Amino acid sequence: MEDNYELRDFGHAGSDEIQDALEHSQIVYFSHSPVELPSAEELELLRSGLPQSLRAKNISYHPESDSVPRFDAPEELKSRVEGILRQHGQRVEHYLREVLPAFVPDWILGTTSFRSMEEQGRDLKPRSSNERVHIDAGAYGATNGARILRFFVNVHPQRERVWGTKGSFNDVMQNYTELWTAAHKGKDRVRLEKTLADRFFSGAVSTLSKAYPIAQVIDSSPYDRAMRRIHNRMKESEAFRSNDSDYREIHFPPMSAWMVFTDGISHSVLTGQYAFVTTALVPLQNCRIPELAPYNVLETHHQT
Ligand SMILES: [Fe+2]
């Protein structure tokens with residue numbers, strides 16, 4: 001069976017409605033971006049004004065260092081691109097602060113990326129391939145249970161961005177026992193407490209990242225490792241991949257925007273080119289329905 005996920009336009013929705021929809025793993029979709037976009041000229045620069053060597057990469061602006069690392073281009077171009085991504089990230093931040101104030105305390109604002117590649121046929125290794133259905137795990141170092149909120153804009157002027165999904169985190173965990181096998185790793189429950197070694201490691205990373213903010217991406221936690229095992233199993237398991245009874249496609253039109261907890265809904269990116277993605281980590285204690293969050297779903301599960 002294959003049908004399409006029906007997108008609901010949240011353009012006129014209130015804050016509570018949007019927050020609840022996100023926590024219930026729905027896609028909060030906007031036919032018109034609620035965030036002002038870069039100018040037509042700036043978008044064109046990102047789509048076709050970059051040197052060939054840079055077009056094959058995602059370009060990510062890191063707010064903690066206020067820069068786009070590993071961006072090898074003439075100074076003027078570099079500072080223009082940085083400026084466009086910085087401004088877009090700030091506009092998304094402003095919007096999120098306004099519409100989702102409950103999520104803001106102690107949140108971490110992550111990167112703003114421009115995805116410049118055509119997603120279809122990138123021929124990546126299974127664990128890296130976005131064309132395989134997965135949940136996001138360990139974004140930006142350790143989340144320690146925080147939710148991964150992502151705000152997307154399809155800035156291709158003519159083409160849709162197409163995702164696939166097999167439902168929410170809770171749906172896939174219910175429907176595929178092998179994902180629990182991966183999460184449990186032979187134990188009778190999923191271990192989420194940090195060990196002494198974990199705490200020591202996180203402490204060292206935290207110290208290091210005072211001098212080198214980028215160092216935080218190497219941090220880890222038992223929760224993030226369990227999510228990574230589930231992520232990997234989804235991408236690698238033939239049984240998971242070949243069952244398409246619960247599979248649906250999601251079509252995002254040109255210039256539309258959407259946000260979602262990407263740890264809470266399974267997704268793959270099938271086709272599409274040119275998109276902005278801004279990430280924020282939302283502490284679990286800011287959620288209104290924390291029992292729906294992957295951390296609590298994992299914590300309360302015992303192998304029978
Ligand atoms: Fe993903």
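The values are calculated or read from the model by the stated rules, or taken from the named source; none is laboratory data. In this text, all values refer to a predicted model and were calculated from it rather than measured experimentally. All Cβ positions, even for glycine, are placed from backbone atoms using ideal geometry, and neighbour counts span all protein chains on display. Remember, those area values only see protein heavy atoms, side chains included, never the ligands or the DNA or RNA. Shrake-Rupley method; radii C 1.70, N 1.55, O 1.52, S 1.80 Å.
Figures for the structure shown
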read-out: Spin-label zone in segment 1-36 - amide nitrogen under 15 Å from a point set 7 Å from the Cα of Asp171 along the C-beta vector; value: 1-8, 22-28
read-out: Cβ-derived FRET efficiency at R0 22 Å, Ser129 paired with Asp244, nearest 0.05; value: 0.80
read-out: Listed pairs Lys57/Lys235; Lys57/Lys125; Lys166/Lys187; Lys57/Lys166 exceeding 20 Å between Cα atoms; value: Lys57/Lys235; Lys166/Lys187; Lys57/Lys166
read-out: FRET efficiency, Glu36 to Asp188 (Cβ-Cβ, R0 41 Å, nearest 0.05); value: 0.20
read-out: Estimated vicinal HN-Hα couplings, Hz - segment 27-37 in sequence order (Karplus 6.51, -1.76, 1.60; Gly, Pro = x); value: 8, 8, 10, 10, 5, 10, 4, x, 10, 4, 9
read-out: Accessible area of Asp188 in the full protein assembly, 1.4 Å probe (Å², nearest 10); value: 100
read-out: Solvent-accessible surface (1.4 angstrom probe) belonging to Phe261, in square angstrom, nearest 10; value: 0
read-out: Surface share of carbon and sulfur [accessible, 1.4 angstrom probe, percent] for segment 3-299; value: 49
read-out: DSSP-loop GluC sites (Glu not before Pro) across segment 197-252, with at most 10 other Cβ within 10 angstrom; value: none
read-out: Segment 60-213, relative contact order [Cα under 8 Å, separation at least 6], %; value: 18
read-out: 222 nm mean residue ellipticity, helices alone, for the chain (DSSP H n ≥ 4; -39,500 (n - 2.57); rounded to 500); value: -10000 deg cm²/dmol
read-out: Positive minus negative residues near Pro254 (Lys, Arg vs Asp, Glu; Cβ under 13 Å); value: +2
